[in-house]
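The structure appears right after this line, and notes come after that.
The values are calculated or read from the model by the stated rules, or taken from the named source; none is laboratory data. The structure presented is a predicted model; accordingly, all values stated were derived computationally and were not measured. Positions of Cβ are generated from backbone atoms using ideal geometry, with glycine treated the same way; all protein chains shown enter the neighbour counts.
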Amino acid sequence: MKLFRSKRIRNERGFSLIEVMMAAMITGIITTAATRFFADINQNAEAQYEISEIQHMCRVCLDDIKKNLRMAGYLLDDDHPAYAVEADTLMVFYRDTQPVDTIRYFLQPYASDDVQDEEAREIYRLMKKLNSQNASAYADFITAINFVPIDSANMVVTISAETERPDETFPLNGGYREFSLGDRIHMRNMR
C-alpha cells in the first residue's frame, strides 16, 4: 500500500512554470483579441445608429415639408402667392385657421456655444415657424436645404445632414458622415 501512495504523489505534482506561463500568454492574447473585436463592433454600432438617425430625421423633415407644400394655395385668393422661396427659406401660404396661414422653414446657424468642435463646421438647425408663433427647432445638424421650383405646381426639395459625432474609421469630411434626401413635390392646389 505504501508503495502505491508514493507513486500517486509523484504523479500529482501539478503544472510546471513554463506550462503556467504559456497558458497565461494564450489567455492574454485571446482576451486582447476579444476586447478589440467587441470595441470595433461597438464603434460600428454607434456609427450605424448615427447614420440611421440622420436618415430618419431627413425623412421626417421632408415628409412634413411635402405635406405642407401640398397644401400650398389652399382656399387662397388668386392674387396671393401659394409659396415663396428665398435662398434657404420656404414660406407656404394657405387658409386654415386665419385668412392666410403661413408656415416658414429656414436654417439657423448654431451659436458657438451649441457646438463644441475644434474645426468650424457649417451646420444649421432647421427651424419651423407657424403664423406668429415662435420658431421651433425642427431638425439638427443640417448642412443644406434647397427648394427648387420646377414650374408653378412642382418643386424639388433636398435636405442634407451630417452625423453629430465624427467616425474615426471614416476618412472623408473629417469623419462626419453625410446624408442627402430629395423629392419632387406636386402642389395640389396650384392652377
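Data table
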| read-out | value |
| --- | --- |
| Test: residue in the range 121-130 that is basic (Lys, Arg), without any contact (Cβ under 8 Å) to a residue 60 or more places away in the chain and touching an Asp or Glu at 6+ places or on another chain (Cβ under 6 Å) | yes |
| Filter result (basic (Lys, Arg) and either part of a strand (DSSP E or B) or surrounded by 14 or more Cβ atoms within 10 Å (Cβ to Cβ) (or both)) within the range 175-191 | Arg177, Arg184 |
| Long-range neighbours under 8 Å by Cβ, at least six apart or interchain, first residue closer than 10 Å to Glu50 by Cβ and touching a residue at least 40 places away in the same chain (Cβ under 8 Å) within the range 165-184, second part of a loop (DSSP other than H, G, I, E, B) and β-branched (Val, Ile, Thr) | Tyr176/Thr163; Arg177/Thr163 |
| Meets criteria (over 13 Å from the mean Cα position of the chain (by Cα), over 14 Å from Glu53 (Cβ atoms) and part of a loop (DSSP other than H, G, I, E, B)) for Phe147 | no |
| Residue in the range 38-66 that is farthest from the chain's Cα centre (by Cα), counting only those that are within 26 Å of Met155 (Cα to Cα) and of a type in the set (Val, Ile, Thr) | Ile65 |
| Failed item in (1) touching a residue at least 40 places away in the same chain (Cβ under 8 Å); (2) assigned to a strand (DSSP E or B); (3) in contact with a Lys or Arg (Cβ under 7 Å, 6 or more places away or on another chain), with Met91 passing the rest | (1) |
| Single condition Val157 does not satisfy, out of (1) at pLDDT below 90; (2) more than 25 Å from Gln43 (Cα to Cα); (3) under 20 Å from the mean Cα position of the chain (by Cα) | (1) |
| Verdict on Ala24 being at pLDDT 85 or above, exposed (fewer than 11 other Cβ atoms within 10 Å of the Cβ) and of a type outside the set (Ser, Thr, Tyr) | yes |
| Test for Phe106: is it in a strand (DSSP E or B), touching a Ser or Thr at 6+ places or on another chain (Cβ under 7 Å) and more than 21 Å from Gly182 (Cα to Cα) | no |
| Residue identified as part of a helix (DSSP H, G or I), on the phi < 0 side of the Ramachandran plot and exposed (fewer than 12 other Cβ atoms within 10 Å of the Cβ) among Ile54, Ile41 | Ile41 |
| Verdict on Asp96 being farther than 20 Å from Ile185 by Cα and of a type outside the set (Phe, Trp, Tyr) | yes |
| Options Phe106, Phe141: the member that is touching a residue at least 40 places away in the same chain (Cβ under 8 Å) and over 16 Å from Met187 (Cα atoms) | Phe141 |
| The range 57-100 - residue that is closer than 30 Å to Thr163 by Cβ and in contact with a helix residue (DSSP H, G or I) (Cβ under 9 Å, 6 or more places away or on another chain) and, of those, surrounded by the fewest Cβ atoms within 10 Å (Cβ to Cβ) | Leu90 |
| Per-region count, the range 150-174, residues surrounded by fewer than 15 Cβ atoms within 10 Å (Cβ to Cβ) and not in a loop (DSSP other than H, G, I, E, B) | 6 |
